[in-house]
1. Looking at Glu33, Glu65, Glu29, Glu3, can you tell me which residue is touching a Ser or Thr at 6+ places or on another chain (Cβ under 6 Å), more than 30 Å from Phe164 (Cβ to Cβ) and at pLDDT below 85?
2. State the number of residues belonging to the stretch 4-35 that are closer than 16 Å to Pro53 by Cα, free of Cβ contacts under 8 Å to residues at least 24 places away in the same chain and either touching a Gly at 6+ places or on another chain (Cβ under 7 Å) or outside the structural domain of Pro53 (by TED's automatic domain parsing) (or both).
3. I'd like the full set of residues that are of a type in the set (Val, Ile, Thr), within 15 Å of Glu2 (Cα to Cα) and touching a strand residue (DSSP E or B) at 6+ places or on another chain (Cβ under 7 Å), limited to the stretch 12-57.
4. How many residues are touching a residue at least 24 places away in the same chain (Cβ under 8 Å), within 24 Å of Leu86 (Cα to Cα) and touching a helix residue (DSSP H, G or I) at 6+ places or on another chain (Cβ under 8 Å) if we restrict to the stretch 125-168?
5. Would you confirm, using the coordinates I've provided, whether Asn101 is out of contact with any Lys or Arg (no Cβ under 7 Å at 6 or more places or on another chain) and either within 27 Å of Lys168 (Cα to Cα) or assigned to a helix (DSSP H, G or I) (or both)?
Amino acid sequence: MEELAVGTRVEHPRYGEGIVSKNKITSYEIFFEHGGKIELTKRNEDLEIKEFPAEKPKNSLTLAEVEKVIRFVLEEQNVLQELVPLGDKWIGGNMLLQPANLSLKPKEIPIEGFFHKIVMLRDRLRVLEQNINSHPGLSDEEKVNMQQYITRIYGSLTSFNLLFAETKHYFVGAKS
């Protein structure tokens, strides 16, 4: 359903006809004939639009616009971590590290834990890239030089791409 402006006439199966009096971030305040003032979530699918106001108010944000801004800020701060799927053949598996010295015990690690560390490393490299690119004290030449090091790091990590389920999550180094 599209964003409803103040003054929009609506119909609700339980409350009857009403008029939107406030457009909040996640809800509408509506005055209904039979129900009085009621607040309904914007995701409510029982509302039927009867008539739009002659002119929509200016300078108000839609829920979609607010969500977009919040997502942008959270991504910039690396709060949202992308869900990266482990390849099916590795789920439930273990990684065995066998020392050359047979008198030492091998180390067994759940592959999911190892994979999580690889994904965290990739995410932190991306944040490092963002910080370099937006750093006000670095010249463009310094930024390019640092980016080249990060690209080489990605290239060194391509061996771990076999763990990823989807190629879009792979490490990619410099291409010749």
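The values are calculated or read from the model by the stated rules, or taken from the named source; none is laboratory data. A quick note: this is a predicted structure, and the numbers were derived from the prediction, not measured. FYI the Cβ positions are ideal-geometry reconstructions off the backbone, even for glycines, and counts take in every protein chain you see.
1. Glu3
2. Looking only at that region, the number is 4.
3. If the condition is that a residue be of a type in the set (Val, Ile, Thr), within 15 Å of Glu2 (Cα to Cα) and touching a strand residue (DSSP E or B) at 6+ places or on another chain (Cβ under 7 Å), then Val20, Thr26, Thr41, Ile49 are the ones that fit.
4. So the count comes out to 8.
5. Criteria not met by Asn101.
Quick grid of which residues meet (1) modelled with pLDDT of 85 or more; (2) over 26 Å from Leu74 (Cβ atoms); (3) surrounded by 12 or more Cβ atoms within 10 Å (Cβ to Cβ):
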| position | (1), (2), (3) |
| --- | --- |
| Ser103 | yes, yes, no |
| Pro110 | yes, yes, yes |
| Leu125 | yes, no, yes |
| Lys175 | no, yes, no |
